[in-house]
2 protein chains.
Amino acid sequence: MILGVDPGLTRCGVGVIEAGASRRLSFIHVDVVRSDPQTSQDLRLLAIYNGLAEKIERFAPDTVSIERVFAQENHNTVLGTAQAAGMAMLAAAQRGIPVALHTPTEVKLAITGNGRAEKIQIERMVARILNLNVLPKPADAADALAQAICHALRPAGALAGGEREQHLTTAQRQWAEAAQTSKRRHSVDRGM
Amino acid sequence: MILGVDPGLTRCGVGVIEAGASRRLSFIHVDVVRSDPQTSQDLRLLAIYNGLAEKIERFAPDTVSIERVFAQENHNTVLGTAQAAGMAMLAAAQRGIPVALHTPTEVKLAITGNGRAEKIQIERMVARILNLNVLPKPADAADALAQAICHALRPAGALAGGEREQHLTTAQRQWAEAAQTSKRRHSVDRGM
């Protein structure tokens, strides 16, 4: 089972899927964990942490997959987003559950084959892949499911690099390249 | 008792002081909580959280005072710093301990009367205020003590604004202005 997280301080999407035989994916759960913008930063982080920890306890996923946050993004919200992602990492690490990080570009590529896909395309593909009759709403919820699907569909050679990538499809190769790019960017971040 | 935190993902300074009668300050404890840069981000945050939670449990401070992080700072490290600050906020909030946030400028003003003071000036004043025979080292430890001292020395009217500020000294007025400026910047950040 994979629990995907679309991190945010005000709204944090959570999506849970089951990856069965031959990569068949099933929908399990979707929700949004919220914090009250009128309360102090520490109480908001506590609310996000408690909500995420409750989901992780309930579903006991094999992996928690979280959208990777970059400093280049919107300055006004990026610190809160990074802190919310930190709450998800901590809640997983405290329970010995491995954490994966995938960028928005990796998610879009994995789901639509297009790293610049529109939100509505992502939502439609998420609904199709998971056999949902309605589009997952709100956007945070759809993004959390997309993050989990991305982790489930990641090509075997994507992060290992080397020979195995010769056998990838075009979409998988693009995905692998995006993953490598984000790894290089992350290597820079690792100085932090 | 006040527990100050200089947040960082690799090194997180912790300084504890006691504020006695007539603002007499005493040194209690100083240390640096570390994480291994070779491990994954989630395990690093877990190490920082565990180290900070242990300190907060041991000293049971009345307030945890943390350096406020801004997105404008160094891009490569700011997200890890923000996440480490988030670990401190969570560890305090989980124990019902109030959190205060002071900017580096507020800390420098409170301790030296100069918002652009050099590191060595801060270290010397921290040693003098706390009657230490040696300068507190490393820098993260000194900054954590400075953060705690800043919270202890904050002028009564600094954050309330209004009439009471008429009675402040010049240094206190500069401090209050810096605090107001950071509050305005923070109001923008609150959208996150």
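For the stretch B:34-52, what are the residues that are open to solvent by 10 Å² or more (accessible area, probe 1.4 Å) and either under 14 Å from B:Val5 (Cα atoms) or not hydroxyl-bearing (Ser, Thr, Tyr) (or both)?
Within the stretch B:34-52, B:Arg34, B:Asp36, B:Pro37, B:Gln38, B:Gln41, B:Asp42, B:Leu43, B:Leu46, B:Ala47, B:Tyr49, B:Asn50, B:Gly51 qualify.
Just to be sure before I move on: is B:Ser26 small (Gly, Ala, Ser), assigned to a strand (DSSP E or B) and open to solvent by 20 Å² or more (accessible area, probe 1.4 Å) in the structure I sent?
yes
Quick check: is even one residue across the stretch B:15-22 buried (at least 19 other Cβ atoms within 10 Å of the Cβ), within 11 Å of another protein chain (Cβ to nearest Cβ) and modelled with pLDDT of 95 or more?
No, because not a single residue in the stretch B:15-22 is buried (at least 19 other Cβ atoms within 10 Å of the Cβ), within 11 Å of another protein chain (Cβ to nearest Cβ) and modelled with pLDDT of 95 or more.
Within the stretch B:104-132, take every residue that is closer than 22 Å to B:His29 by Cα and assigned to a loop (DSSP other than H, G, I, E, B) and give me the one that is most open to solvent (accessible area, probe 1.4 Å).
Residue satisfying both the conditions and the ranking: B:Asn131.
Taking the options A:Asp62, A:Asp31, A:Asp36, name whichever one is over 19 Å from the mean Cα position of the chain (by Cα) and charged (D, E, K, R).
Among A:Asp62, A:Asp31, A:Asp36, only A:Asp36 is over 19 Å from the mean Cα position of the chain (by Cα) and charged (D, E, K, R).
Residue by residue through the stretch A:67-96, note down the ones that are open to solvent by less than 40 Å² (accessible area, probe 1.4 Å) and more than 9 Å from chain B (Cβ to nearest Cβ).
A:Arg68, A:Ala91
Name the residues in the stretch A:133-146 that are of a type in the set (Asp, Glu) and within 9 Å of A:Asp31 (Cα to Cα), would you?
A:Asp140
Can you say whether B:Val30 is touching a residue at least 40 places away in the same chain (Cβ under 8 Å) and in contact with a strand residue (DSSP E or B) (Cβ under 7 Å, 6 or more places away or on another chain), as far as the supplied structure shows?
When the stated conditions are applied, B:Val30 passes them.
Which number in (1) touching a helix residue (DSSP H, G or I) at 6+ places or on another chain (Cβ under 8 Å); (2) among the hydroxyl-bearing types (Ser, Thr, Tyr); (3) in contact (Cβ under 8 Å) with a residue 24 or more places away in the chain marks the one condition that A:Thr39 misses?
A:Thr39 satisfies all of (1) touching a helix residue (DSSP H, G or I) at 6+ places or on another chain (Cβ under 8 Å); (2) among the hydroxyl-bearing types (Ser, Thr, Tyr); (3) in contact (Cβ under 8 Å) with a residue 24 or more places away in the chain except (3).
The values are calculated or read from the model by the stated rules, or taken from the named source; none is laboratory data. Just so it is clear, the structure is predicted and the values come from calculations on it, not from any experiment. We place every Cβ from the backbone using ideal geometry, glycine too, and count neighbours over all the protein chains shown. Side chains included, ligands, DNA and RNA excluded: accessible areas come from the protein's heavy atoms. Shrake-Rupley method; radii C 1.70, N 1.55, O 1.52, S 1.80 Å.
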